[in-house]
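Novice: Below is a structure I'd like to ask you about.
The values are calculated or read from the model by the stated rules, or taken from the named source; none is laboratory data. These figures come from a predicted structure and were not determined experimentally. Using ideal geometry, Cβ is built from the backbone for each residue, glycine included, and neighbour counts are taken over all protein chains shown. For accessibility, only protein heavy atoms count, side chains too; no ligands or nucleic acids. Shrake-Rupley method; radii C 1.70, N 1.55, O 1.52, S 1.80 Å.
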Amino acid sequence: NSKIYTKSFFSNYLEIIEGLVELFKELGTDYIVSGGQTMNPSTEDFIKGFDTLNAENIIVFPNNKNIVLAAKQAAKIYDECNVCVIESKSIAAGYAALGMLDLSCELDEIVEDMNKVISRVTSCQVTYAVRDTHIDDFDLSVGEIIGLDNSSILAKGKEIPETVQFHCWTNQTR
């Protein structure tokens, strides 16, 4: 195997604590695009980040389902090097994939292995409803606390501990 010079590229929330950002950097992340639930990075934000890296290959971990499309669009139009998007939809999935990165493998094998890893990751998130809606058999009001897994709303509640402890954990392990 010839050595592949690969840079990893993460997109994470502004709300991430500095320690977590440092952890991702220690695992080999070379660039982090800031964003958040209401400040999703654009295709241009990704391209600007790609331009700062000197690499033959860039692996992008969006870590949020709402920005996978922007990452994929940026990868498609960027022609300075190979850009692969690992469709990580949570920080936990991106962390798991980056944690198994083996640069001694060929790029196709790296991407395949990372996609296998993220397909096995399940995480719970707690946030607030941003609008009144009905989804996943829940009537939600703006500001209500909700618990989510990789694909759906698992719980709603008035208090974070109640939502996490009972609803998310119970439904997560069913």
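Novice: Could you list, in sequence order, all residues of the range 119-135 that are open to solvent by less than 30 Å² (accessible area, probe 1.4 Å) and within 17 Å of P62 (Cα to Cα)? Walk me through it before giving the result.
Specialist: Step one: of the range 119-135, the residues open to solvent by less than 30 Å² (accessible area, probe 1.4 Å) are 121, 123, 129.
Listed by number, the residues that qualify are V121, S123.
Novice: Taking G49, is it at pLDDT below 90 and assigned to a helix (DSSP H, G or I)?
Specialist: Details: at pLDDT below 90: no; assigned to a helix (DSSP H, G or I): yes.
Taking the combined requirement at face value, the residue does not satisfy it.
Novice: Quick one: would you say A93 is modelled with pLDDT of 85 or more, assigned to a helix (DSSP H, G or I) and touching a Phe, Trp or Tyr at 6+ places or on another chain (Cβ under 7 Å)? Can you show your working first?
Specialist: Values: modelled with pLDDT of 85 or more: yes; assigned to a helix (DSSP H, G or I): yes; touching a Phe, Trp or Tyr at 6+ places or on another chain (Cβ under 7 Å): no.
Answer is no for this residue.
Novice: I'm told F138 meets every condition in (1) hydrophobic (A, V, I, L, M, F, W, C); (2) out of contact with any helix residue (DSSP H, G or I) (no Cβ under 8 Å at 6 or more places or on another chain); (3) farther than 22 Å from M39 by Cα; (4) open to solvent by less than 30 Å² (accessible area, probe 1.4 Å) except one. Can you identify the failing condition by its number?
Specialist: Result: F138 fails condition (4) only.
Novice: Pick out the one residue from L98, L103, L69 that is in contact with a helix residue (DSSP H, G or I) (Cβ under 9 Å, 6 or more places away or on another chain), open to solvent by 70 Å² or more (accessible area, probe 1.4 Å) and either free of Cβ contacts under 8 Å to residues at least 60 places away in the same chain or closer than 19 Å to K25 by Cβ (or both). Quick ask: steps written out before the conclusion?
Specialist: Working: L98 fails: open to solvent by 70 Å² or more (accessible area, probe 1.4 Å); L103 fails: open to solvent by 70 Å² or more (accessible area, probe 1.4 Å).
One residue alone meets the criteria, L69.
Novice: Quick one: is L14 modelled with pLDDT of 90 or more, within 30 Å of G143 (Cβ to Cβ), open to solvent by 90 Å² or more (accessible area, probe 1.4 Å) and of a type in the set (A, V, I, L, M)?
Specialist: Working: modelled with pLDDT of 90 or more: no; within 30 Å of G143 (Cβ to Cβ): yes; open to solvent by 90 Å² or more (accessible area, probe 1.4 Å): yes; of a type in the set (A, V, I, L, M): yes.
No: the conditions fail for L14.
Novice: Right, here's the next one. Only strands (runs of 3 or more DSSP E) wholly contained in the range 98-151 count here; list those with 2 or more residues that are within 20 Å of the chain's Cα centre (by Cα) and modelled with pLDDT under 90. Step through it out loud before you land on a result.
Specialist: Values: elements: 125-128, 133-135, 138-140, 145-148.
Here the list reads 125-128, 145-148.
Novice: How many residues does the range 23-40 hold that are closer than 19 Å to Y95 by Cα and at pLDDT 80 or above?
Specialist: Count: 11.
Novice: (1) crowded, with 16+ Cβ neighbours inside 10 Å; (2) over 23 Å from K48 (Cα atoms); (3) acidic (D, E): which one isn't true of E87, the others all being true?
Specialist: (2)
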